[in-house]
Amino acid sequence: MRHTLPLAPQFYVTAPQPCPYLADRMERKLFTALQGDHAGQLNDALSKQGFRRSQNVLYRPSCTDCTACLSARIKVADFAPSRSQRKTRRRNTDLTRRATSPWATEDQYALFRHYLESRHADGGMADMDIFEFAAMVEETPVRTRIVEYTAPGDTPRDQPVLTAVCLTDVLDDGLSMVYSFYDPEAQARSLGTYVILDHIEIAREAGLPYVYLGYWVPGSPKMGYKAKFQGLEIYKGGAWQPIGDPNSHDSETHPLSVSPIAEQVARISLPDTRARD
């Protein structure tokens, strides 16, 4: 009989920097390393508590000014597409999905650069080179897939055109959309919405109950689209709950809503990784 100690990761806090979502705010993150034999269990457990993965790190916003960044997920059983979302699915029936192991390609990077230059030219990823992009895709200690969407070429002889990509983690209770990007010139396709819709279908087919979307931020126009998905839940007050009226969460931007770091860490539930008979 062999026993191991319970998993006890160390948590750290980043230095404050300007918030990318709300003006005149500073962001700060609580994070821990994701590594070792039990990385998958830790990713599963902390994803259920509002954390996100970036390469071999799990992080959650821990700002001093507010708690506006709320982790969001879609409950697959409660989702029904809106009229607009049904139209988006029909517009993209010509796309082909291909899910593979996380391996970066030059075509992916070219699409990634085009997306950033059009949508996020002043964002934190704007200067990412191809080696950093490869690290983002390939440095993962958990079960991850790269999901590519290609459109037919202009003629039957043309090669399919890479149109959208999503880096996706497979959790024990769902799919976590780590990062997605797409052709910014194909506006009529609404590719950002379509990739989410398709991940809902992938999760449904796999019998997984949730699709994790990252953070929804009340008051941020960049995040407003997430509230349009029926069945959306947010992690608030230490529990998942239906989003309800998106306008009812403005109090999360108040400084008094922030708990001390030590209290936040103490409330984190860690997986039990002790060996059993």
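The values are calculated or read from the model by the stated rules, or taken from the named source; none is laboratory data. What you see is a predicted model, and the numbers here were worked out from it, not measured in a lab. No Cβ is skipped: glycine too gets one built from the backbone with ideal geometry, and neighbour counts run over all protein chains shown. All accessible areas refer to the heavy atoms of the entire protein, side chains included, with ligands and DNA or RNA removed. Shrake-Rupley method; radii C 1.70, N 1.55, O 1.52, S 1.80 Å.
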Sole residue being open to solvent by less than 40 Å² (accessible area, probe 1.4 Å), closer than 27 Å to ASP172 by Cβ and among the hydroxyl-bearing types (Ser, Thr, Tyr), chosen from TYR59, TYR115, TYR149:
TYR149
For the range 118-131: of the residues being loosely packed, with under 13 Cβ neighbours inside 10 Å and of a type in the set (D, E, K, R), which is modelled with the lowest pLDDT?
ASP122
For THR96, which of the numbered conditions (1) in contact with a Phe, Trp or Tyr (Cβ under 8 Å, 6 or more places away or on another chain); (2) surrounded by 15 or more Cβ atoms within 10 Å (Cβ to Cβ) fails to hold?
(2)
Do you know which of the residues in the range 178-223 that are open to solvent by less than 50 Å² (accessible area, probe 1.4 Å) and polar (S, T, N, Q) is nearest to ASP107 (Cα to Cα)?
SER180
Could you grab me the full set of residues in the range 195-237 that are of a type outside the set (S, T, N, Q), part of a loop (DSSP other than H, G, I, E, B) and in contact (Cβ under 8 Å) with a residue 40 or more places away in the chain?
LEU208, PRO209, VAL217, PRO218, GLY219, PHE229, GLY231
Any idea which of ASP65, ASP24, ASP94, ASP37 is modelled with pLDDT of 95 or more and acidic (Asp, Glu)?
ASP94
Could you please give the count of residues in the range 41-50 that are of a type in the set (A, V, I, L, M, F, W, C) and either in a strand (DSSP E or B) or surrounded by fewer than 23 Cβ atoms within 10 Å (Cβ to Cβ) (or both)?
2
Provide a single number: the residues in the range 100-115 that are in contact (Cβ under 8 Å) with a residue 60 or more places away in the chain and among the aromatic types (Phe, Trp, Tyr).
2
Go through THR93, THR88 for me and flag whichever is of a type in the set (Val, Ile, Thr) and either assigned to a strand (DSSP E or B) or touching a residue at least 60 places away in the same chain (Cβ under 8 Å) (or both).
THR88
Restricting to the range 68-80, and then to whatever is outside any strand (DSSP E or B) and modelled with pLDDT of 95 or more, can you tell me which residue is surrounded by the most Cβ atoms within 10 Å (Cβ to Cβ)?
VAL76
Subset of the range 174-194 (residues that are outside any loop (DSSP other than H, G, I, E, B) and either without any contact (Cβ under 8 Å) to a residue 24 or more places away in the chain or acidic (Asp, Glu) (or both))
SER180, GLN187
Counting only residues that are assigned to a helix (DSSP H, G or I) and either modelled with pLDDT under 95 or under 19 Å from the mean Cα position of the chain (by Cα) (or both), how many does the range 97-108 have?
1
